[in-house]
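Report on the following structure.
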Protein chains: 2
Amino acid sequence: MENKITLAHGNGGRLMHELIEHLALKFSNKILDEMADAAEFTVGNSKIAFSTDSYVVNPLFFPGSDIGKLAVFGTVNDIAMKGAKPLYISLGLIIEEGLETSILLEISDSIKNAAKKAKVQVITGDVKVVEKGACDKIFINTSGIGIISYASKIDAKAREGDEIIINGPIAEHGLAVLNAREKLGFISNIKSDCINLNFDVERTLKASRHIHVLRDPTRGGVATVLHEIAHFSNLGIEIDEKLIPVRPRVARFCDILGFDPLYIANEGKFLCFVRRNDACRVRSAMGKDARIIGKVVRSHAKEVHLKTILGPMRILPELESDQLPRIC
Amino acid sequence: MENKITLAHGNGGRLMHELIEHLALKFSNKILDEMADAAEFTVGNSKIAFSTDSYVVNPLFFPGSDIGKLAVFGTVNDIAMKGAKPLYISLGLIIEEGLETSILLEISDSIKNAAKKAKVQVITGDVKVVEKGACDKIFINTSGIGIISYASKIDAKAREGDEIIINGPIAEHGLAVLNAREKLGFISNIKSDCINLNFDVERTLKASRHIHVLRDPTRGGVATVLHEIAHFSNLGIEIDEKLIPVRPRVARFCDILGFDPLYIANEGKFLCFVRRNDACRVRSAMGKDARIIGKVVRSHAKEVHLKTILGPMRILPELESDQLPRIC
C-alpha cells in the first residue's frame, strides 16, 4: 500500500478497494467477508441487516438534496440493497466549533423529513464538537437496521446469464454537488437524484424470486459497482453504452468537463441482477425509467466490457485517481 | 439556543443537554425518548440494544489506550449499560488526506485486538477520505448491537432508596489524554482506564434482580451522569466526597490544574443504582475496587448534593464551560 492515505483511497476505486480488502482481512469473519453494502446476521428467527456510512459531502446544501437527507437515504438504501426493510437509524454528528446553529437545525429538519418519508426512526445518537479547523462544518454518520423478510438470498454474487437493469438516468448526484461546490458557472438544471429506494426495492422484489444482486451505484458510479460485482462473482459483465440512460444535459456537462457519467455518483439509482426470464417483469416493477443495460457472461471473468456507441467493445477500467472528492 | 455551536455543546454539560434535548424533541419517538446510552427495540421475541458514538480524541495515542481501542470499548460499554450482551459493531472511518498508512494500520490492529477482547465482531464498515485540513487525522464512528437477555428492565430511571456504586477510582482517562496532548511536562503515571466492561456488567447483573440503572461516566464525568439520572428520575442524589475513590496521583494532578475529578471522563468505570438490600452483594460482584458512594433520595429532586470532606453539603453544579475538549 501507499505510505500515505490519498483522496483516491476514498473514491470507490482501485486504491479504496485495496485498503478495504486489507482492513477486511484484518477483521475477517463470516459476516464481514460477504462484503455487501449491509451486513446480515440472525437473532432468534429473524434475519437482520446492519449498515453504516459517514457523510462528508461539501457543500452541505446543493440542488436536490443536502447532507441530512443524504445521510438518511444513503443508509436506508444500503439496507434496502440487502432486500431488507429499513426500520431504525442512528445519528452521529461531528460538528466544527462555530457552526451556525441555524444550519444545524436546518440539517436536522431535513433528517427528520427524510426519516418520515422513508418510514424509519432515529432511535439513538451522539454529538461531538471539535475545535474550529479540526473538521469541515459537519460530518454525519448514520447506521441502519432493517429486517430481511425476502425469501431469496440477495448477496453480492451475480449468476451467469443475469440481465442487469438500472432504474433510471445516471450521474446526476455527483454533478449536482460538483456544480454547487466549484461554482462552475454553468447554467445547469442538474439536481441530485437523492431519494429513498426502499419502497421501489420492495416492489421490485415482489416481481421475481430470482433477483441475485441489488446495488446502489454511489461513489465511483455504475462502472465501479459493476467492477465489484464482476470481481466478487468471478464472472464477466457486458454493458451497452447506448442502453445506459443519461439525460442530455448530463451528457453535455460531462462532455465539457471530460467526465465519464459511468463513474459519477448516484444517490437514487439501483442496479438489479436478475434471471433473464424475469427481466422484463422486474424492469416494469423498477419504474418507468428503468432500462436493461447489459448482462453477465462466463467469459472475461472479473472484467467489465462496454459496447461503445461507435460499435467496438472496450474494457471499462477500474477507477484510479479521484474525479470528485466529497460527493457523499 | 446560542447562535453558534461551541465546544461546550459537546462536553456532556448543560449546553450539550439543551442541544440534544432540542434534537431529540425533533426526532421524538418512543425508543429515542428513553434517552439511554443505547436504544432498545424488539425483533420477533428478541430484545436488541443499538448504540452509536463518534470518536475524535486528540492525540490518537495516549498512555493506556488509543482511538481504536476507545472506539470499540466505548460502544461495547454503551451496549453493556443496557444490560445487553454486545455482539456486533460497525466501523466508520473519516480519514484526513496525508495520514500515514502505518498509523491507520496501527489503529486497525488496536481495533482488532479490542474487538477480540470484548468478543464482538466488526461486521460492516465505511471509509471516507477528506482533503488535508478538512478533518484532524482520523475520526472513528462505531455503532454497536447487543442482545438483551437480562430479565429486569435497566433504564435511565433510579428509584428512591437506591444505593449508588462505582467500580473503581475515577478521572484517569481524561487526565491521561490531557497530559499526552498538552505535553504538560508532569512526570505522571496516569494511564487511561479504557477497558471493556461487558463481562463485569454480566457478572454484576447476576448478583441482583433489582439493578435499576447502569451508566458509564464518560464525557462530563461522574457528576454529569449523576445529574442526568437525578433529572430523568425526578429524584435527588446524595454522594459523599470521602467515599469516592480517587488515586492520590490523580488527586494531586487535579489539585495542581484546578480540576474537579468528578467532572473528568472515565472509560472503564460504571455506576450501578441498586436496591439497598442488594448493594453489598452487587458491590462485591463489581470488583475489588468497587465502592458505594451515595444514595437516591426523594428530597431536592433533580439536584445532586455532595457531602464534602470538610463536612457541609453543597450542590454539585451542572458542567458549564468545557474543561477538556476531545477526550473521546
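The condition of being in a strand (DSSP E or B) and either open to solvent by 10 Å² or more (accessible area, probe 1.4 Å) or touching a strand residue (DSSP E or B) at 6+ places or on another chain (Cβ under 8 Å) (or both) does not hold for A:I103. Residues in the range B:146-163 that are farther than 29 Å from B:G44 by Cα and either in contact with a Cys (Cβ under 9 Å, 6 or more places away or on another chain) or crowded, with 20+ Cβ neighbours inside 10 Å (or both): B:D162, B:E163.
To keep it simple, each residue is scored yes or no on (1) among the aromatic types (F, W, Y); (2) under 20 Å from the mean Cα position of the chain (by Cα); (3) away from every other protein chain (no Cβ under 14 Å).
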| position | (1), (2), (3) |
| --- | --- |
| B:I123 | no, no, no |
| B:V130 | no, no, no |
| B:F139 | yes, yes, no |
| B:S143 | no, yes, no |
| B:G146 | no, yes, no |
| B:E160 | no, no, yes |
| B:I170 | no, yes, yes |
| B:S188 | no, no, yes |
| B:C194 | no, yes, yes |
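In the range A:146-165, what residues are in contact with a helix residue (DSSP H, G or I) (Cβ under 7 Å, 6 or more places away or on another chain) and not in a loop (DSSP other than H, G, I, E, B)? Within the range A:146-165, A:G146, A:E163, A:I165 qualify.
If only residues of the range A:16-33 that are more than 7 Å from chain B (Cβ to nearest Cβ) and open to solvent by 20 Å² or more (accessible area, probe 1.4 Å) are counted, the one that is nearest to the chain's Cα centre (by Cα) is A:H17. Contact map, the range B:235-262: first residue within 28 Å of B:R298 (Cα to Cα) and open to solvent by 30 Å² or more (accessible area, probe 1.4 Å), second residue modelled with pLDDT of 95 or more and assigned to a strand (DSSP E or B), Cβ cut-off under 6 Å, separation 6 or more or different chains; pairs are B:E238/B:G294; B:E238/B:K295; B:E238/B:V297; B:E238/B:H305; B:E241/B:L306; B:L243/B:R291; B:L243/B:I293. Here B:I166 meets each of (1) hydrophobic (A, V, I, L, M, F, W, C); (2) crowded, with 16+ Cβ neighbours inside 10 Å; (3) closer than 30 Å to B:S108 by Cβ with one exception, condition (3). The residue that is modelled with the highest pLDDT, counting only those in the range B:169-197 that are open to solvent by 10 Å² or more (accessible area, probe 1.4 Å) and assigned to a helix (DSSP H, G or I), is B:E172. Given the condition more than 9 Å from chain B (Cβ to nearest Cβ), part of a loop (DSSP other than H, G, I, E, B) and free of Cβ contacts under 8 Å to residues at least 40 places away in the same chain, answer yes or no: does some residue in the range A:40-56 qualify? Checked against the condition, which is being more than 9 Å from chain B (Cβ to nearest Cβ), part of a loop (DSSP other than H, G, I, E, B) and free of Cβ contacts under 8 Å to residues at least 40 places away in the same chain, the range A:40-56 yields no hits at all. Only one entry in A:V297, A:V282, A:V274, A:V304 is surrounded by 14 or more Cβ atoms within 10 Å (Cβ to Cβ) and out of contact with any helix residue (DSSP H, G or I) (no Cβ under 9 Å at 6 or more places or on another chain), namely A:V297. The set of residues from the range A:122-145 being surrounded by fewer than 24 Cβ atoms within 10 Å (Cβ to Cβ) and out of contact with any Ser or Thr (no Cβ under 9 Å at 6 or more places or on another chain) comprises A:V130, A:E131, A:K132, A:G133, A:A134, A:D136, A:K137, A:I138.
The values are calculated or read from the model by the stated rules, or taken from the named source; none is laboratory data. Keep in mind it's a predicted model, so treat the numbers as computed, not measured. Note that we place each Cβ from the backbone using ideal geometry, even for glycine, and neighbour counts take in every protein chain shown. These accessible areas exclude ligands, DNA and RNA; they are computed on the full protein's heavy atoms, side chains included. Shrake-Rupley method; radii C 1.70, N 1.55, O 1.52, S 1.80 Å.
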